[in-house]
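Quick notes on the structure that follows.
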Amino acid sequence: MNPTTPTTPTAPVAEGDGEKTTAKKAVTDTAEDKDTAGQPDEARTEPAEPTDRDADGSADTDADADQAAAEQDFDLGLDDDESGKESAGLGTAAAAVVSVGLGIVALTGAWSGRVVAERETLLGQIKTSSGGSAAQQISEIYGNAWHSTALVNGLFALVALLVGIYVLVRPAFGAPSAHPQAGWVRAVAMGGIVLGVIGVLISVGMYFDLIVALPTAPAATAGS
């Protein structure tokens, strides 16, 4: 008989042993993955970072553009402020000159006053053409024309007075200005105010016959 090779009996594997082995292997693989996760792969190429020249160039360009825009806005704001201040100064100066001009017109008389006086004279002649007393003729032909001239001159004087006062009190209203009002502007405005006051007083005296009274007709004699 041929001798038989003895076989080593294999220990039976229990059902739970296979699962334990698989679980142990999974834990080992997980630990190895954690160890390798902290060490980057040497073969992996890092993304190319922008060079200092490119970064500095783009940053400088943006900064220069922002600075140029800010300077342009600032210049525009200064131009607007300067133009507004210049226009306001020119307006007050022109108003002061106008005040003096109106005061002079109020004292010397205007063509409009002469036209109104001539109209009143014509109306008086028409009213007294059919007859009337001497006192009526004086009042209608001469007195009304005189009073109309005083009224027109008084209106010019009043406007000159108001414009001069406006020029003097204008800096007290609105936004305060960094530059004070020019001295010659105040002086001219004060001159306009003085001329306006004088013109108003003269016009009032003329209108109410306080300076020069109207002529009177001589009384008729008893024998006539």
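As a summary of the residue check, VAL115 satisfies the conditions (1) farther than 18 Å from ALA145 by Cα; (2) without any contact (Cβ under 8 Å) to a residue 24 or more places away in the chain except for the one numbered (1). Could you check, for the stretch 74-83, whether at least one of its residues is at pLDDT 60 or above and acidic (Asp, Glu)? No: the stretch 74-83 contains no residue that is at pLDDT 60 or above and acidic (Asp, Glu).
For the stretch 140-161, a residue qualifies if it is small (Gly, Ala, Ser), within 14 Å of PHE208 (Cβ to Cβ) and touching a residue at least 40 places away in the same chain (Cβ under 8 Å), and the qualifying residues are GLY143, ALA150, GLY154. Residues of the stretch 174-186 that are closer than 17 Å to SER99 by Cα and either modelled with pLDDT of 95 or more or part of a loop (DSSP other than H, G, I, E, B) (or both): GLN181, ALA182.
Kindly evaluate ILE202 against the criterion of being modelled with pLDDT of 90 or more and open to solvent by 80 Å² or more (accessible area, probe 1.4 Å). No: the conditions fail for ILE202.
The values are calculated or read from the model by the stated rules, or taken from the named source; none is laboratory data. Keep in mind that this is a model prediction, so the values were computed, not measured. Reconstructed Cβ throughout: ideal geometry from the backbone, glycine too, with neighbour counts over all protein chains shown. Heads up: the accessible areas ignore ligands, DNA and RNA and are worked out on the full protein's heavy atoms, side chains in. Shrake-Rupley method; radii C 1.70, N 1.55, O 1.52, S 1.80 Å.
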